[in-house]
Amino acid sequence: MEYTVQKLGLLAGISTRTLRYYDEIGLLKPARINSSGYRIYGQQEVDRLQQILFYRELDVSLEDIKEIVSSPSFNAEHALRAHRKKLLDKRVQLEQLIANIDLTLAQREGTQTMRDEQKFEGFKQKIIDDNETKYGEEIRAKYGDEAIDKSNKKLKGMTAQQHTALEKLSEQIHNTLAKAYATGDPASESAQEAADLHRQWLSFYWEDYSKEAHAGLAQMYVEDERFTSYYDKQQPGTAAFLRDAVLIYTGHKA
């Protein structure tokens, strides 16, 4: 069956403006343009739009979606199975948050008690799920399922006090790193202090610390643009500077 842009928009529940934009950026081109100048979409385009909307539901950027679905190695069946797993994980997280709200309401009404740790369980799971969605494939390939599962378990068991300490440490890292970057020397005292703070931060997540793993993660900050953009948000070049400081700190680079 074929669809005009208006009919496909109604079918998918999105605006014709969105479909035209997808065409403009090369994400979803129509099968053909008819003699009247209308975009015409066929079954292949319908299936591709479904995949695009699945990825959008998982908060994947349009740029990344285009790269994924345009890859010669893209497999629709594998993608659907991955979508299903991620949506199930998302459902579990939503159910946990709903249960958390119900328990909080019950506590306020005086019918149940709630431990402080329980108040943050759903939010911790969201952090884990977000990390899995953004970086799971890469970090599991690099460090193995067992190490990542242990890290997630450690995060879920984190107390409110530990979480507060972690947030303060994250802020301290960024402040010290900004100060160190201004020196231009990754071997400087402030740069090495930033690397040590980064080690302390990792210890909140990792079951066991190793210099090799620390150095490998720092290298990933430069090789993976998602990590790079996070550290370079305020000052371009910060990710590479942190990498160099960590390599010196761990003895992997003079």
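Placing dummy labels 7 Å off each Cα toward the beta-carbon, the span from L10 to K179 is 6.4 nm.
Site pair E109 and E57 shows an inter-label distance of 3.1 nm when each label is modelled 7 Å from Cα along Cα→Cβ.
What FRET efficiency would be calculated for the residue pair A31, E137, taking the C-beta separation as r and a Förster radius of 35 Å, to the nearest 0.05? It would help to have the intermediate numbers written out before the result.
Details: r = 32 Å, r/R0 = 0.91.
With R0 = 35 Å, the Cβ-Cβ based efficiency is 0.65.
Think of each Lys and Arg Cβ as +1 and each Asp and Glu Cβ as -1; about the Cα centre, that makes the dipole of the chain roughly 700 debye.
The peptide list 21-28, 240-247, put in order of mean Cβ contacts within 10 Å with the highest first, becomes 240-247, 21-28. Of the labelled figures (1) 7, 29, 34, 22, 7, 1, 0; (2) 6, 22, 25, 22, 17, 7, 1; (3) 8, 36, 39, 16, 2, only one reflects P(r) over Cα pairs in 10 Å bins from 0, in percent as derived from the coordinates, namely (2).
Which of the listed residues, S151, L8, T113, is farthest toward the dipole's positive end in the chain, when Lys, Arg count +1 and Asp, Glu count -1 at the beta-carbon? With unit charges placed on the Cβ atoms, the residue in question is L8.
Only protein atoms count toward the accessible area here, which uses a 1.4 Å probe; on segment 150-196, the carbon and sulfur part of that area reaches 50 percent.
Find the accessible area per residue for segment 146-254; the probe is 1.4 Å, ligands and nucleic acids are left out, and the unit is Å². Could the numbers behind the result be given before it?
Values: 5980 Å² over 109 residues.
In whole numbers, segment 146-254 has 55 Å² accessible per residue.
Calculate the FRET efficiency for F204 and Q234 from the Cβ-Cβ distance with a Förster distance of 25 Å, rounded to the nearest 0.05. The value I calculate is 0.65.
The values are calculated or read from the model by the stated rules, or taken from the named source; none is laboratory data. Being a predicted model, the structure only gives us computed values, none of them experimental. Glycine also receives a Cβ, built like all others from the backbone with ideal geometry; neighbour counts cover every protein chain displayed. Each accessible area value is taken on the protein alone, full model and side chains, heavy atoms only, with ligands, DNA and RNA left out. Shrake-Rupley method; radii C 1.70, N 1.55, O 1.52, S 1.80 Å.
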